[in-house]
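Working notes, structure below.
The values are calculated or read from the model by the stated rules, or taken from the named source; none is laboratory data. Quick caveat: nothing in here was measured; it's all calculated off a predicted structure. Note: ideal-geometry Cβ built from the backbone for every residue, glycine included; neighbour counts use all protein chains shown.
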């Protein structure tokens, strides 16, 4: 465990700490490239560009998970999401539950057990994490007292809202993917040939994933100092706001693209309203609070400890114990309240 802890600490302070902003930029660029590719009829590269877009977006989510939770917890959350979505999709292809009766074509690459393309659970992660962090972000800033109490009601509410934020994305995704021939609904449905059971399945699957995340989620880089009494006056750390920015970019990008050249104005309006219920408040909050650069927001506990260690002469360093860490945090709390 000492080796794992050392590696995790190194990765958090080293190259991993800088990779999610780069992947965020690549994610946005890939979204733009995908939009451009869809405008070219008969584009032989569309399937490849679709897969690359998914990979960049999911890589951003995974990197940010690791940066803010550590390597083991980040992989645990990502792995649980991959497993649950793969099982849920496979069961639905076989039985029709929970999404409905559908089959995948061969355009998205190899399939697990001949049922579900491996890229599908990866595609879930690309918005699962931004939706989760966006609602978590809103809860922590707008209802800090409820969040600090961390009661089951607050957890249940956040899981439900995050599931709704995730499901809202499918208002845009499914019509586009069906029209591209990536999967086929056997019985059709009222929403552009998609059954309403599909959206119920998205809500259920997303909620299960978020409930698991709430149990095992252990953030080590928090945008809120629990002792701070005036959150409304604080700028939001840019690095910690990246998932919310990714959700906002997806919301606006999908709305505009559908209105101009994807599935049409009805889908554009549906996704604009659906995702906007979560993206718009996050955007307003970011605009009101402002963003602080990473260098201005090194106020999370791991960074404070690391700065203190570097500032002290080697001969004065003492082993860090649970009691000493508690005393340091209490001192910081007292200073903040003062």
Subset of the range 190-213 (residues that are farther than 20 Å from residue 86 by Cα and surrounded by fewer than 17 Cβ atoms within 10 Å (Cβ to Cβ)): 190, 193, 196
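Name every residue in the range 70-107 that is within 20 Å of residue 59 (Cα to Cα), touching a residue at least 60 places away in the same chain (Cβ under 8 Å) and surrounded by fewer than 21 Cβ atoms within 10 Å (Cβ to Cβ), in order of residue number. Write out each step before concluding.
Just the residues of the range 70-107 that are within 20 Å of residue 59 (Cα to Cα), to begin with: 70-86.
Checking which are touching a residue at least 60 places away in the same chain (Cβ under 8 Å) leaves us with 70-73, 76-77, 80-81, 84-85.
Of everything in the range 70-107, those that are within 20 Å of residue 59 (Cα to Cα), touching a residue at least 60 places away in the same chain (Cβ under 8 Å) and surrounded by fewer than 21 Cβ atoms within 10 Å (Cβ to Cβ) turn out to be 71, 72, 73, 76, 80, 84.
Residues checked against (1) assigned to a helix (DSSP H, G or I); (2) farther than 14 Å from residue 134 by Cα; (3) modelled with pLDDT of 95 or more:
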{"site": "225", "(1), (2), (3)": "no, yes, no"}
{"site": "232", "(1), (2), (3)": "yes, yes, no"}
{"site": "246", "(1), (2), (3)": "yes, no, yes"}
{"site": "251", "(1), (2), (3)": "yes, no, yes"}
{"site": "268", "(1), (2), (3)": "yes, yes, yes"}
Residue 42 vs. criteria within 30 Å of residue 193 (Cβ to Cβ), touching a strand residue (DSSP E or B) at 6+ places or on another chain (Cβ under 7 Å), modelled with pLDDT under 95 and surrounded by fewer than 18 Cβ atoms within 10 Å (Cβ to Cβ): no
Residue match in the range 80-87 (condition: more than 24 Å from residue 183 (Cα to Cα) and within 13 Å of the chain's Cα centre (by Cα)): no
Residue within the range 48-59 that is at pLDDT below 90 and surrounded by fewer than 18 Cβ atoms within 10 Å (Cβ to Cβ) present: yes
Tally of residues being over 19 Å from residue 19 (Cβ atoms) and outside any helix (DSSP H, G or I) across the range 51-99: 4
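Can you pull out the residues in the range 192-216 that are part of a helix (DSSP H, G or I) and free of Cβ contacts under 8 Å to residues at least 40 places away in the same chain?
Here is the first cut: in the range 192-216, the ones part of a helix (DSSP H, G or I) are 196-216.
Hits for the range 192-216 are 196, 199, 215.
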